[in-house]
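Here's the structure, in structure tokens; my notes come after.
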């Protein structure tokens, strides 16, 4: 199996900095890149904040945090990734953007480096085919938030080699995560089940069956969900939910995956959830108030 010592992460947002966080705590050297240098700084601040929270809850020791933070370095230029044994892409859920990110790596990476995408819905085979190493390409899909959630979906593309898969299994297990193997079909396992449920909750709101509060309360108390589906949609990001639904709708050609028009409208308005301070709840108030 290939050996992984240095991990590059493209995308310093919530998922990207969370992946950097868990890799650093597991002993890997980590390079964190983003197209916007300011997001790298914000991502590093988030990692430190989240590690401090773990120390406060006695989940890790102060020494673990200090060592972990030293292992993460900002990589404003993709050229720094020449040292990486594995690069994980975790940017916006957009096919063209992801393909460009991987294309930019062609001239930089050493031949043995493995490429991975943290995509929540896009074809691994399709992404791999546009790279210079489809046999060394795999889907490594972390759940959100990565430092907390135990599951990682591993998705092999049509050309993914056994060595790439075996190395990825060893890597994910070294992070203390549990693996679910998923076939390369739209949205894989978790989001194939989860996001259509969220979409149906939005239809329930759209059709006036229940209010935001009633829908979330019903699923928390009636189905024992830790978070209501509309609150969860805000946490994931409504733009991400819409992207996943569009991949399902287009990839499977089944009308049951049609995105709710209300979801489309919220995204058009820029009401994307927590990250924009407004979604199905307004987070500028304390506590957050429903927007509908």
Test: residue in segment 53-63 that is on the phi < 0 side of the Ramachandran plot, surrounded by fewer than 17 Cβ atoms within 10 Å (Cβ to Cβ) and under 18 Å from the mean Cα position of the chain (by Cα): no
Elements of type helices (runs of 4 or more DSSP H) in segment 227-286, at least 2 residues being more than 16 Å from residue 212 (Cα to Cα): 238-252, 261-269
Which numbered condition residue 212 fails, given (1) touching a residue at least 24 places away in the same chain (Cβ under 8 Å); (2) under 16 Å from the mean Cα position of the chain (by Cα): (2)
Subset of segment 206-234 [under 15 Å from residue 267 (Cβ atoms) and surrounded by fewer than 22 Cβ atoms within 10 Å (Cβ to Cβ)]: 206
Residues of segment 159-208 that turn out to be in a helix (DSSP H, G or I) and more than 15 Å from residue 262 (Cα to Cα), as a count: 18
Residues satisfying the stated conditions in segment 152-178, i.e. surrounded by 14 or more Cβ atoms within 10 Å (Cβ to Cβ) and either assigned by TED's automatic domain parsing to the domain that holds residue 262 or free of Cβ contacts under 8 Å to residues at least 12 places away in the same chain (or both): none
Tally, over segment 82-91, of residues that are out of contact with any helix residue (DSSP H, G or I) (no Cβ under 8 Å at 6 or more places or on another chain) and outside any loop (DSSP other than H, G, I, E, B): 2
Residue in segment 61-71 that is touching a residue at least 40 places away in the same chain (Cβ under 8 Å) and assigned to a loop (DSSP other than H, G, I, E, B) present: no
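The values are calculated or read from the model by the stated rules, or taken from the named source; none is laboratory data. Quick caveat, the model's predicted, so the values are computed rather than measured. Cβ: placed from backbone, ideal geometry, glycine included. Neighbour counts: every protein chain shown.
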